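The values are calculated or read from the model by the stated rules, or taken from the named source; none is laboratory data. Values in this document were obtained by computation on a predicted structure and should not be read as measured data. For neighbour counting, all protein chains shown are included, and Cβ atoms are generated from backbone atoms with ideal geometry for every residue, glycine included.
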Amino acid sequence: MRSRIVILGGGTAGTLVANRLVRRLGDSVDVTVVDQDDSHVYQPGLLFVPFGRANPEDLSRSRRRQMDDAVRFVPSGVDSVDLAANRVTLSDHEDLDYDVLVIASGARLVPEETEGLTGPGWNDRVFTFYTPEGAAGLQRAVRDFSGGRVVVNVVDLPIKCPVAPLEFAFLADWYFHQRGLRDHVELVYVTPLDGAFTKPVASAHLGGLLRAKGIDLVTEFNTGRVDGEARRLVGYDGRSVDFDLAVVVPLHSGAEYVGRSAGLGDELDFVPVDEQTLQSKAAPNVFAVGDAAALPTSKAGSVAHYEGDLLVENIDRLIHDLPLSGRFDGHTNCFIESGFGKAMLIDFNYDTEPLPGHFPSTLGLPLLRESRLNHLAKLGFEWFYWHVLLPGRDLPGLGSAMPTRGKPGLAGAGLKED
Amino acid sequence: MSTVTIAAANVELDNEGFFIDPTQWNEHMVPELARRAGIDELTDRHWTVVRFMREQYLNTGSGPTVRVLGKTSGIPIKELYELFPHGPAKTAAKIAGIPKPRGCI
């Protein structure tokens, strides 16, 4: 009998896993992907929208058309998952029974969880660029901005692409320089972390870059309230930060149906899984991949990409009653746009923090250093995303595990995280 | 890393003042740890948070972040900040004798 594999979510992770599954397992599986809409947004492109370098309508394509013909696409919301019955209840379609379930429904923005954030001033002087609508609104606001204080604020982690707000600050510096307005714009980066970023070496590099660009850094700020009328962020500890234009990355949660499904998710509706096999801690035939998984690594497309490979191997083995062998090492890499046509690249995993060097080996892209080459690679990545990553094609010379060649620091003692 | 004496026992703390070995902790240390963290008067509400942090750590391997603490401890985030003005998750983790909450990456 054919194994029924149901994938909830047709974004980066769900799409590439579905395509890899049908290619690897062919007629032995029925693969169904469920998503509430048919719009797949290239999310890294949203960063460029506020600066007029991309338009939201060009970033979106049909979800269904990114999937192999052998994949069945069901457009529907998800009501809940019944782990005991191996059944998914859908809001706009009959129930689906599964042999293997993959949770790939990503992360959801919950701006309403921060007092005042969606109140007065929302989409007028308080924006997020994490949605196509928000990014488009911010494009107008940035274009019409003639001077004042621009505050970039991360409310709390986890967020998708944790470097994106830093990139926004770097690009804003560059954008206002280009327009001859930089002397009239004060840029402030406000974060709940105790530095520019989480990982110590990268945090020091990125903090240095903020200083060099004249961007103020406010740390350990936990936004309790956004007052759009008084134009002020108010922290839980009583501190406040004034703004003329606020660019806020709202709180993130997992999909709502995860919260409605007994035993499946954690407090934030992300799905706890084994860090290496991606198998749910609630049921052996359930996996979570990409942003939906509660893992100590970044919520980023590169993670979904690296996870996809071994997840497909593990599903194959599960179906054939073999022990799981695919092991995810937490591998992540991120391009960090730093403005003026340059970008940095960071590469890390569960055990190794981002280090200087080159990726994937000594002749590759420079790591933790600004370069024109990284910027071009970042721009070229969009083509790669639609034509290589989503179809789930293998890349010569690029496996899932973090490469150690090209990182001289790795040989030294004391650089590994404890 | 440094070794300090809390309630007549030696414990090892990391550079930020978090316990390296949570098994070195016991409840008798709480008042002194709280004073070291700037809290002179320990109320029942403080104890609730400290015990909750400890329990979560033992169950999940990491202390919760402020947001999760606000969702799950029964104490709203505003009050958590009144109890621990220098950051509820970090301060309560130090007093509960557990490592720095992992937060996120």
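Being more than 14 Å from every other protein chain (Cβ to nearest Cβ) and part of a strand (DSSP E or B), is that true of even one residue in the range A:196-217?
yes
Among A:L324, A:L311, which is the only one that is in contact with a helix residue (DSSP H, G or I) (Cβ under 9 Å, 6 or more places away or on another chain) and outside any helix (DSSP H, G or I)?
Unique residue meeting the criteria: A:L324.
Please enumerate the residues belonging to the range A:275-287 that are away from chain B (no Cβ under 14 Å), under 22 Å from A:G399 (Cβ atoms) and in a loop (DSSP other than H, G, I, E, B).
Those that are away from chain B (no Cβ under 14 Å), under 22 Å from A:G399 (Cβ atoms) and in a loop (DSSP other than H, G, I, E, B): A:Q276, A:T277, A:L278.
Considering every residue within the range A:252-271, establish whether at least one is under 15 Å from the mean Cα position of the chain (by Cα), closer than 30 Å to A:D173 by Cα, within 14 Å of chain B (Cβ to nearest Cβ) and in a loop (DSSP other than H, G, I, E, B).
No, that holds for no residue.
Could we say that A:V248 is free of Cβ contacts under 8 Å to residues at least 40 places away in the same chain and away from chain B (no Cβ under 11 Å) here?
no
Just to be sure I understand, how many residues within the range B:94-105 are at the interface with another protein chain (Cβ under 8 Å from one of its Cβ atoms) and either touching a Lys or Arg at 6+ places or on another chain (Cβ under 9 Å) or over 28 Å from A:V163 (Cα atoms) (or both)?
The qualifying residues number 2.
Looking only at the range A:189-225, which residues are without any contact (Cβ under 8 Å) to a residue 24 or more places away in the chain and small (G, A, S)?
Within the range A:189-225, A:S203, A:A204, A:G207, A:G208, A:A212 meet the criteria.
Facing chain A (nearest Cβ under 10 Å) and under 30 Å from A:E112 (Cβ atoms), is that true of B:T91?
So B:T91 fails the test.
So which residues in the range A:191-207 are aliphatic (A, V, I, L, M) and buried (at least 21 other Cβ atoms within 10 Å of the Cβ), if there are any at all?
The answer is A:A196, A:A202, A:L206.
For the subset of the range A:1-42 comprising residues that are of a type in the set (D, E) and out of contact with any Phe, Trp or Tyr (no Cβ under 9 Å at 6 or more places or on another chain), which member is surrounded by the fewest Cβ atoms within 10 Å (Cβ to Cβ)?
A:D27
Please specify each residue of the range A:288-301 satisfying the condition of being within 13 Å of another protein chain (Cβ to nearest Cβ) and in contact with a strand residue (DSSP E or B) (Cβ under 9 Å, 6 or more places away or on another chain).
Answer for the range A:288-301, where residues must be within 13 Å of another protein chain (Cβ to nearest Cβ) and in contact with a strand residue (DSSP E or B) (Cβ under 9 Å, 6 or more places away or on another chain): A:D291, A:A293, A:A294, A:L295, A:T297, A:S298, A:K299, A:A300.
For the range B:61-70: of the residues being outside any helix (DSSP H, G or I) and closer than 22 Å to A:L251 by Cα, which is farthest from the other protein chains (Cβ to nearest Cβ)?
Ranking the qualifying residues of the range B:61-70, first place goes to B:G63.
Looking only at residues in the range B:71-88 that are more than 9 Å from chain A (Cβ to nearest Cβ) and small (G, A, S), which one is farthest from the chain's Cα centre (by Cα)?
My answer is B:G74.
For the range A:332-383, which positions are hydrophobic (A, V, I, L, M, F, W, C) and either within 14 Å of chain B (Cβ to nearest Cβ) or assigned to a loop (DSSP other than H, G, I, E, B) (or both)?
Selection gives A:C334, A:F340, A:I346, A:F348, A:L355, A:L363, A:L368.
Do we find a residue being touching a Leu at 6+ places or on another chain (Cβ under 7 Å), closer than 30 Å to A:D321 by Cα and of a type in the set (S, T, Y) anywhere in the range A:14-28?
Scanning the range A:14-28 turns up at least one residue that is touching a Leu at 6+ places or on another chain (Cβ under 7 Å), closer than 30 Å to A:D321 by Cα and of a type in the set (S, T, Y).
Name the pairs: first residue in the range A:51-77 and farther than 11 Å from A:D37 by Cα, second residue exposed (fewer than 15 other Cβ atoms within 10 Å of the Cβ), Cβ to Cβ under 6 Å, at least 6 apart or on different chains?
A:S60/A:S39
Considering only residues that are of a type in the set (F, W, Y) and over 24 Å from the mean Cα position of the chain (by Cα), which ones fall in the range A:212-246?
Hits for the range A:212-246 are A:Y236, A:F243.
Of A:G326, A:G364, A:G357, A:G339, which residue is crowded, with 16+ Cβ neighbours inside 10 Å, farther than 17 Å from A:M402 by Cα and not assigned by TED's automatic domain parsing to the domain that holds A:D291?
Just a single option satisfies the conditions, and that option is A:G339.
Find the residue count for the range B:45-60, including only residues that are surrounded by fewer than 17 Cβ atoms within 10 Å (Cβ to Cβ) and more than 10 Å from every other protein chain (Cβ to nearest Cβ).
The total comes to 7.
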